[in-house]
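Heads up, the thing below is written out as structure tokens.
Since every read-out is calculated from the coordinates, none of them should be taken as a lab result. Given the structure is predicted, the values throughout are model-derived calculations rather than measurements. Note: ideal-geometry Cβ built from the backbone for every residue, glycine included; neighbour counts use all protein chains shown.
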Amino acid sequence: RVWMYIFKYLGIPAALRSSFIVVPTEYARERIHHYTGFPKEKLIPVYEGPKSLPTEPTSIKPAWAERLEGRKYLLHVGVMEKRKNLPKLIQAYKILRDRGYTDHDLVLVGQGNGKLHSDDSANVHQTIKENELEKHVILLGYLPDEELSFAYRNAFMYVFPSYNEGFGIPILEAFRFNLPVLVANNTCLPEVGGDAVLTFNPYDPEEIASKIIEVINSPTLRTELINRGVERLKFFSWSKTSRELTAIFKRALVA
């Protein structure tokens, strides 16, 4: 509500005076047009790029890595906000284990944001406890870049169950580390992932679990998703972003 108030009374007047408004995705463009009435030709999508994490292995091994020694794991990276839908992912993971797939842990990188209405860390902890998954859902909190790289580099797959995203940079990060990627079938995530991701209904833990099992059971599918991710990543880079922004600035000067 505070964000909407700020946007209404500060963001909209500034946007009305602008020549163009840069948005992160076509999805964001449609949503902003829908809620504000700004003309679509004024809203210009410019894709972002992946974070510049080191991809090559190093001699640095985080202390927490010992807990995952010899274990495969599913990975999620992101703040523990309600929109991230992590309790549903944990429920799906419980279904996975109940169906006999016990060789994979679930690793969650990130922490709560401390905000009253959006922080979901308490629900995450409660869901883990209710499902007796304390030994198998690994909470790593915030990680510096080298440790985050380690988490990506050694993961088995990346799962992104969020039901509200404006872009979804972790998709690109997972592509960079040659991970198969599964995402929610809503908002901008299928747009960013393209044909390189497997999608699921984020409100249905059974379906999430089934998609994870599909990748576990098919090395061919896993390899195909990885290869598609490598190709899809070629559409995204910060150098491309900067070129597109520069072109928009030049247009704005003569608008």
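Which is farthest toward the positive dipole end of the chain among His104, Ala252, Thr55, measuring Cα position about the Cα centre, with Cβ charges +1 (Lys, Arg) and -1 (Asp, Glu)?
Comparing the listed Cα positions along the dipole, Ala252 ranks first.
Mind checking the alpha-carbon convex hull of the range 58-173 and giving the volume per residue in Å³?
On the way: hull volume 12.4 nm³, N = 116.
Dividing the Cα hull volume of the range 58-173 by its residue count gives 107 Å³.
What whole number of Å gives the distance from the Cα centroid of the range 230-255 to the Cα centroid of the range 189-206?
The two parts, judged by their Cα centres, are 26 Å apart.
I'd like the distance between the alpha-carbon centres of the range 132-172 and the range 10-50, rounded to an integer number of Å.
Distance between centres, Cα-based: 29 Å.
With every atom except the alpha carbons ignored, what do you get for Rg and Dmax of the range 117-162, in angstroms?
12.7, 34
Report ³J(HN,Hα) in whole Hz for each residue of the range 121-136, in order, from the Karplus equation J = 6.51 cos²θ - 1.76 cosθ + 1.60 where θ = phi - 60°; Gly and Pro get x.
4, 5, 5, 4, 4, 5, 5, 4, 5, 4, 9, 6, 10, 4, 8, 10
Quick one, can you get me the convex hull of the C-alpha atoms of the chain expressed as volume per residue in Å³? Don't skip to the end; give the middle numbers.
Working: hull volume 35.0 nm³, N = 255.
Expressed per residue, the convex hull around the Cα atoms of the chain is 137 Å³.
With axes computed from alpha carbons, what is the tilt in degrees of helix 219-232 against the longest principal axis of the chain, rounded to the nearest 10 within 0 to 90?
20
Let me check the size of the range 3-139 from its C-alpha atoms; what are the radius of gyration and Dmax in Å?
20.4, 58
If you count, for each residue, the other Cβ atoms within 10 Å and average over each peptide, how do 141-150, 61-70, 160-169 line up from highest to lowest? Intermediate values should be presented prior to the final figure.
Details: 141-150: 15.0, 61-70: 11.6, 160-169: 21.2.
Packing order, densest peptide first, comes out as 160-169, 141-150, 61-70.
Treating only the Cβ of Lys, Arg, Asp and Glu as charged (+1, +1, -1, -1), what charge dipole size does the chain show about its Cα centre? Round to the nearest 20 debye.
Numbers: 33 positive and 30 negative charges, 180 e Å.
Result for the chain is approximately 860 debye, rounded to the nearest 20.
Counting alpha carbon pairs within less than 8 Å and at least 6 residues apart, what relative contact order, in whole percent, applies to the chain? It would help to have the intermediate numbers written out before the result.
Values: 391 pairs, mean separation 56.9, N = 255.
Reported relative contact order: 22 percent.
Based on the Cβ-Cβ distance of Thr223 and Ala63, what FRET efficiency does E = 1/(1 + (r/R0)^6) give at R0 = 25 Å, to the nearest 0.05?
Working: r = 32 Å, r/R0 = 1.28.
Working from the Cβ atoms, E equals 0.20.
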